[in-house]
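Notes to accompany the following structure.
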Amino acid sequence: MVIVSVIIPSFNCSFLLPMAIESVLNSTFNDFEIIIVDDGSTDATFEVIERFLDDQRVKYIYQNNLGLSGARNTGISAASGDFLVFLDADDVIKPDKLEMQTRYLNLNQNIDFVYSNSIWFIEDDLTDTRPVLFPTYQGNVISKLIFGNFIHVNSVMVRRDKVVAIGMFDSSLREIEDWDLWLRLALNGSEIGFIPRVLSMVRVRKGSMSSDQRKMNSSMVKVLQKIIRNLKNEDILQSDLQYSLLIYLFKAGEFDGYLKRVFQYQSKFGLAVLPRTFKCVIKYFIRHFVKINNTTSELEKVWI
């Protein structure tokens, strides 16, 4: 048994994987295991990581390709640690991440997972960084989380039993699977802690999923639709969830039946949501006159 299980899924990332592994091995906290899940790679992944397997803390699992969610679930099933860390093969963690977050969760038994600040780094240069200007919240964050994911997956440490209890990652999702997991944890009563310190670094690469904002928005629509289907109609979050869905339908450019959805929202929730529906209608009619870039930044102020 170990305290922390660090799960690293990898698909054809042999040229990046060693940096991720080494960042964990350089931790100031030593009671951990690294579970590398090779998700059907066709490159030299095993040859590249074979030298690390002399360390008994490093485990290697090969499987046919199941996608990121499936690979992480394989790692969770093989994990023996009380706490889980999800590290993508192209990212790295800071040496004190495991130590600080383990101490935090041990001292705060009411907190199910803790996250911290992250920082971007460009391609392979750890010194070429950009700040991540996400908002930060803690405690019961569901009312904030339903409007967008402000938690980088590699910034988190979470109690393994809580992840297993809600069914782990949704393997049907190919993107935004981490946001879906945080939402389900929060909806099931998990409280979130925050450490105001940069403990992880996220690589920015050309052609990465995170650079395709329109695709990300479409994936967020799918997650919200799933959450709404599984939520009781009388839940007080229904109004906010439906509004968030309208926002991301617009951002994803899914305009078929959009006004009908807006008016259904207005009819269901009454005068209390009138300012929201007014914004949606205005935005719908001016969309052809406002240049929309990948991040739709010129329209963001409409939602405030």
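Quick note: the coordinates plus some simple rules give every number you see, no bench work behind them. These numbers were taken from a predicted model, which means no experiment stands behind them. Every residue, glycine as well, gets a Cβ built from its backbone with ideal geometry; the counts of neighbours run over all protein chains shown.
Spin-label pair residue 80-residue 198: with each label point 7 Å from Cα along the Cα-Cβ axis, the two points sit 3.6 nm from one another.
Between helix 258-269 and the chain there is an angle of about 80 degrees, using the helix long axis and the longest principal axis of the Cα atoms. I want to verify a result. In a Gaussian network model of the chain, Cα cutoff 10 Å, which of these has the top mean-square fluctuation: 278, 169, 121? Most flexible of the set in this elastic network: 278.
Computed from Cα atoms, the angle from the helix 97-107 axis to the main principal axis of the chain rounds to 70 degrees.
Between 128, 170, 180, the GNM of the chain built on Cα springs shorter than 10 angstrom shows 128 fluctuating the most. Once a ≥ b ≥ c are taken as the square roots of the eigenvalues of the Cα gyration tensor of segment 102-188, is the result rounded (a/c under 1.5), prolate (a/b larger than b/c) or oblate (a/b not larger than b/c)? Taking the square roots of the gyration eigenvalues as a ≥ b ≥ c, segment 102-188 is prolate. Give me the angle, in degrees from 0 to 90, between the Cα long axis of helix 177-187 and the longest principal axis of the Cα atoms of the chain, rounded to the nearest 10. Once rounded, one gets 70 degrees.
With a cut-off of 12 Å between beta carbons, the residues surrounding residue 99 carry a summed charge of +2, where Lys and Arg count +1 and Asp and Glu -1. The DSSP beta bridges internal to the chain are antiparallel in roughly 30% of cases. For segment 147-168 versus segment 1-69, the spacing of their alpha-carbon centroids is 19 Å. Gain on full extension, evaluated as 0.36 nm per residue between residue 55 and residue 106 minus their Cα-Cα distance, stands at 15.7 nm. Determine, from the Cβ-Cβ distance of residue 239 and residue 96 and an R0 of 41 Å, the FRET efficiency 1/(1 + (r/R0)^6), rounded to the nearest 0.05. Between residue 239 and residue 96 the formula returns 0.50. Ordering 44, 11, 67 by Cα displacement along the dipole of segment 7-78 toward the positive end leaves 67 in first place; charges were set at the Cβ atoms of Lys, Arg (+1) and Asp, Glu (-1). If you run the Gaussian network model on the chain, springs between alpha carbon atoms under 10 Å, then out of 34, 61, 21 the most flexible one is 61.
Classify segment 36-156 as rounded, prolate or oblate, taking a ≥ b ≥ c as the square roots of the eigenvalues of its Cα gyration tensor: rounded when a/c is under 1.5, otherwise prolate if a/b is larger than b/c and oblate if not. Verdict is prolate for segment 36-156.
Full extension of the segment from residue 214 to residue 165, taken as 0.36 nm per residue of separation minus the current Cα-Cα distance, would add 14.4 nm. With both residues required to sit in segment 92-248, DSSP beta bridges show an antiparallel share near 45%. Among the listed values [x] 18.5; [y] 16.3; [z] 15.4, the one matching mean projected area of the Cα convex hull in nm² as calculated from this structure is [y].
Among 171, 249, 141, pick out the residue whose Cα is farthest towards the positive end of the charge dipole of the chain, where Lys and Arg carry +1 and Asp and Glu carry -1 on C-beta, about the Cα centre. Highest projection toward the positive end goes to 249.
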